[in-house]
2 protein chains.
Amino acid sequence: MTVTIYDVAREAGVSMATVSRVVNNNPNVKPQTRKKVFEAIERLGYRPNAVARGLASKKTTTVGVVIPDISNAIFAEVARGIEDIANMYHYNIILCNADKKKEKEIRVVNTLLEKQVDGLLFMGGTVTEEHVQAFKTSSVPVVLCATTDEKKEFPSVDIDHEKAAYDAVETLIAKGHRSIAMICGNLQDLSNGYARYQGYKKALENHGIALREEYVRVGNYRYESGMEIMEYFLGLREKPTAVFSATDEMAIGAIHKLQDHGLKVPEDISVISVDNTRMATMVRPQLAAVAQPMYDIGAVSMRLLTKLMKNEKVEDNIVVLPHELIMRNSVQDRS
Amino acid sequence: MTVTIYDVAREAGVSMATVSRVVNNNPNVKPQTRKKVFEAIERLGYRPNAVARGLASKKTTTVGVVIPDISNAIFAEVARGIEDIANMYHYNIILCNADKKKEKEIRVVNTLLEKQVDGLLFMGGTVTEEHVQAFKTSSVPVVLCATTDEKKEFPSVDIDHEKAAYDAVETLIAKGHRSIAMICGNLQDLSNGYARYQGYKKALENHGIALREEYVRVGNYRYESGMEIMEYFLGLREKPTAVFSATDEMAIGAIHKLQDHGLKVPEDISVISVDNTRMATMVRPQLAAVAQPMYDIGAVSMRLLTKLMKNEKVEDNIVVLPHELIMRNSVQDRS
DNA sequence: CTGTTAGCGCGTTCAC
DNA sequence: GTGAACGCGCTAACAG
């Protein structure tokens, strides 16, 4: 039923070794025989079996990607970067959502390894000791993408989340704001939760502004969450004059909550965030944000992985990509 | 170096067939031997090689997904539905972006087939005769997801795009609008381009409203495109009183362009679209839209594919999921 | 319940 | 420049 390399060999009147050479672009084949083989392939509609090839060669040209949630715009953009570079180097991607659930993450890492992927990209989750153990059983390279492990044992590509948050808050301070509230992510979440909160804290500290407990609330990254927390801030006796959100989506929720209350952004309250997803330009006022280069994080981490898979020398295993403040109309001087 | 089923067999003092049985949960193994084998597996850190298994069993428990662009919110949501159901049935997903480029689509279909996927999900592109030919060379089932082929030769899961557009436009008409402009998608694009335009046309026709050439402009699905086209409509001598957009993102661009001109939505101009992405609730005013059940399209198509892969009887190969009008504040009566 | 024996389709020496 | 033969790690009959 299915046509194999052997059928092609017979049809072309050569051995299967020769067919293999032709298919794999091995130069040691006379042009004429090459032609014969190609014709036989065409005639028979032969399609090489990558599974058999993988078994024989111990390479699958496939990499595993574990992602928190592909329907999240941030991760989707990172994934796009990964896929583009993978494609460029002729790798395919096995994509697994793991929802930042440790058990699921470790489970998919194992099934990916069973599938003999040539490399693994672990994206955006918190890396615990258990993760480290799982990664260490891997015989193929692992790259952390949009996250890092505490001990920096593994190659990774990410931004400096704390510094990004720091810069966002400092921007507010430079504009004269002293009452700055923060909409946080989950503090168990090292990168966009804890680290961004730390950046907020340090920026206040370094500028002699006292941290006020009631100015910090933890959200779940969703739009609605931003609205609810903004509602809470508006109920405070001393309202903040500016709000720093750990993510765009919550920031936009906050902006709309303000507008729903008849308040003006940025005249009454300024809003800034970290991320700079496409949505940031799709609100009025447009959202100022510290931009995280999502596509690049994906692309660079995949590029790094290809080098690791080829055993190429890499100078720097831990890459920290730059972030950048994108000023827009949601922030204004506090005069 | 790598530990195989044979090593485990020796360690446990059984044959490799027995190891294979316990690994595959074959009931025909004495509990005690099963235990011995598990211990040996544990001791050796054995991990089954799915590639070898795939070669022997001719099943990879992997399905290929060709997607236009994973960073597009619509497709990402569909992909999430696919992945969830795949995961439920213990399949993994090889994801390939193809940007709606025919050559690339056909190329990835072929590499996916070479990788011996157990099934193929083709998402969101236009299905040409060449696609049909490519699909026909497949020995595994193919399901079209969020698209269909003209001749309905292949199983598919989609909504009725024409009817969805029709319903949106009719809603406007029912509210008293007669000057209704449309921001289209690419007309080569069968589903969200051509079909939605047809729906617009028929709705006008059936209600005795003449189609005006200057009221129809083709966009590229992006926010900016919606803005530009709205700008154009505003330059018309007779401005429309309502705008129907083929997608959310362009609709939101249109809304913001109106607001930038100091016009009010919906007081001055109403806006409605098809899609109902999460963004639709993240604008002010919130965007009325005919909802397309994206997650479900993915989930149902993957479910259908699992049935096909198991050679189960399926009553209906062509499933058309219902759409639904979600009325929000971007539309108002024309009084 | 368990072991033996063939392949699965291909890459890769090693001769010729 | 080309062919023969082996093995990759596992599943699937078939015996026993």
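Among the criteria (1) assigned to a helix (DSSP H, G or I); (2) over 19 Å from residue A:58 (Cβ atoms); (3) more than 9 Å from DNA strand C (Cβ to nearest atom), the one residue B:21 does not fulfil is (3).
Among strands (runs of 3 or more DSSP E) entirely within the range A:117-198, having at least 2 residues that are under 21 Å from the mean Cα position of the chain (by Cα) singles out A:119-123, A:142-145, A:156-159. Residue under question is residue A:104, and the condition is that it be farther than 30 Å from residue A:191 by Cβ, more than 8 Å from every other protein chain (Cβ to nearest Cβ), of a type outside the set (Phe, Trp, Tyr) and more than 16 Å from DNA strand C (Cβ to nearest atom); does it hold? In short, no. Quick one: count up the residues across the range B:109-133 that are at pLDDT 95 or above and open to solvent by less than 10 Å² (accessible area, probe 1.4 Å). Adding up the residues that qualify gives 10.
Restricting attention to the range B:135-178 and to residues that are among the small types (Gly, Ala, Ser), closer than 27 Å to residue B:111 by Cβ and surrounded by 21 or more Cβ atoms within 10 Å (Cβ to Cβ), the residue that is farthest from the other protein chains (Cβ to nearest Cβ) turns out to be B:156. Evaluated against (1) outside the structural domain of residue A:135 (by TED's automatic domain parsing); (2) open to solvent by 30 Å² or more (accessible area, probe 1.4 Å); (3) more than 9 Å from DNA strand D (Cβ to nearest atom), residue A:40 falls short on exactly one condition, (2). Among the numbered conditions (1) away from DNA strand D (no atom under 12 Å from the Cβ); (2) farther than 30 Å from residue B:143 by Cα; (3) among the basic types (Lys, Arg), tell me where residue B:80 comes up short. Looking at each condition in turn, residue B:80 falls short on (2). When the test is whether a residue is within 13 Å of DNA strand D (Cβ to nearest atom), buried (at least 16 other Cβ atoms within 10 Å of the Cβ) and more than 10 Å from chain B (Cβ to nearest Cβ), residue A:51 does not pass it. Does residue A:66 qualify as being more than 7 Å from chain B (Cβ to nearest Cβ), open to solvent by less than 50 Å² (accessible area, probe 1.4 Å) and not in a loop (DSSP other than H, G, I, E, B)? Yes. Look at residue A:4 and say whether it is away from DNA strand D (no atom under 11 Å from the Cβ), open to solvent by 40 Å² or more (accessible area, probe 1.4 Å) and farther than 30 Å from residue A:121 by Cα. The answer is yes for residue A:4. Total residues in the range A:25-63 satisfying the condition of being within 15 Å of DNA strand C (Cβ to nearest atom), of a type in the set (A, V, I, L, M, F, W, C) and not in a helix (DSSP H, G or I): the figure is 1.
The values are calculated or read from the model by the stated rules, or taken from the named source; none is laboratory data. Given the structure is predicted, the values throughout are model-derived calculations rather than measurements. Note that we place each Cβ from the backbone using ideal geometry, even for glycine, and neighbour counts take in every protein chain shown. Surface accessibility is based on the protein's heavy atoms, side chains included, excluding ligands, DNA and RNA. Shrake-Rupley method; radii C 1.70, N 1.55, O 1.52, S 1.80 Å.
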